[in-house]
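Enquirer: Okay, here's the structure, questions in a sec.
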Amino acid sequence: MTRGITVAGGDRLGKTIIFAKNQAHADFIAQRFDANYPHWKGEFARVITFKTEYAQSLIDAFAQKDKPPHIAISVDMLDTGIDVPEIVNLVFFKLVRSKTKFWQMVGRGTRLCSDLFGPGQHKQFFYLFDYCQNLEYFGQNPPATEGVVTL
């Protein structure tokens with residue numbers, strides 16, 4: 001919430017996927033989010049997994065630019081195949097040992113998005129928060145940043 005890329009004139013965290021280890025981990029992340037941000041409880045960040053009731057409806061809402069949820073907490077379901085150009089933050093909270101799957105997951109942030117930050121201000125980059133050293137595992141060394149953006 002404090003280090004990710006923001007949208008809406010800096011008023012809101014941009015679309016974010018948190019890749020969780022398992023269902024219990026995803027539920028725990030959602031519970032901690034709701035405890036820390038009670039005014040957004042149950043709306044801003046949502047668990048979207050195969051066990052989630054009406055998961056497709058949540059994915060459809062997540063895919064809409066200004067509609068919540070803005071944070072999707074997922075276990076495998078959003079790792080591949082989802083095309084949401086507005087995604088600007090990826091959070092790796094799980095180990096990934098398949099190089100193909102890892103790059104598919106990174107690909108969720110690579111979609112181009114026109115006018116994301118306002119007229120003529122297109123998406124040119126995204127943030128990747130890797131808490132499980134997946135980049136190191138695959139021998140990558142991208143430039144690092146603290147992740148603070150003011151738009």
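The values are calculated or read from the model by the stated rules, or taken from the named source; none is laboratory data. What you see is a predicted model; the values in this text were computed from it and never measured. FYI the Cβ positions are ideal-geometry reconstructions off the backbone, even for glycines, and counts take in every protein chain you see.
Enquirer: Do you know which of the residues in segment 9-26 that are in contact with a Gly (Cβ under 9 Å, 6 or more places away or on another chain) and surrounded by 15 or more Cβ atoms within 10 Å (Cβ to Cβ) is nearest to Asp115 (Cα to Cα)?
Expert: Filtering segment 9-26 for residues that are in contact with a Gly (Cβ under 9 Å, 6 or more places away or on another chain) and surrounded by 15 or more Cβ atoms within 10 Å (Cβ to Cβ), the one nearest to Asp115 (Cα to Cα) comes out as Gly14.
Enquirer: Could you tell me which residue of segment 46-69 is nearest to Ile29 (Cα to Cα), considering only residues that are of a type in the set (Gly, Ala, Ser) and not in a loop (DSSP other than H, G, I, E, B)?
Expert: Result: Ala55.
Enquirer: Moving to a separate point now. For segment 63-75, what are the residues that are in contact (Cβ under 8 Å) with a residue 12 or more places away in the chain and either surrounded by fewer than 16 Cβ atoms within 10 Å (Cβ to Cβ) or more than 14 Å from Leu90 (Cα to Cα) (or both)? I'd like the intermediate steps shown before the answer.
Expert: As a first pass, look at segment 63-75 and keep what is in contact (Cβ under 8 Å) with a residue 12 or more places away in the chain: 63, 65-66, 68-75.
Answer for segment 63-75, where residues must be in contact (Cβ under 8 Å) with a residue 12 or more places away in the chain and either surrounded by fewer than 16 Cβ atoms within 10 Å (Cβ to Cβ) or more than 14 Å from Leu90 (Cα to Cα) (or both): Ala63, Lys65, Asp66, Pro68, Pro69.
Enquirer: Could I ask something else about it? Contact list please: Cβ distance under 7 Å, first residue in segment 17-38 and acidic (Asp, Glu), second residue modelled with pLDDT of 95 or more, pairs at least six apart or on different chains.
Expert: Asp27/Val47
Enquirer: Those residues that are surrounded by fewer than 11 Cβ atoms within 10 Å (Cβ to Cβ), in contact with a Lys or Arg (Cβ under 8 Å, 6 or more places away or on another chain) and at pLDDT below 90, I need them from segment 106-147; list them, please.
Expert: Glu146
Enquirer: Since Lys51 meets every condition but one in (1) basic (Lys, Arg); (2) exposed (fewer than 14 other Cβ atoms within 10 Å of the Cβ); (3) under 30 Å from Glu136 (Cα atoms), which condition does it not meet?
Expert: Tallying (1) basic (Lys, Arg); (2) exposed (fewer than 14 other Cβ atoms within 10 Å of the Cβ); (3) under 30 Å from Glu136 (Cα atoms), Lys51 fails exactly one: (3).
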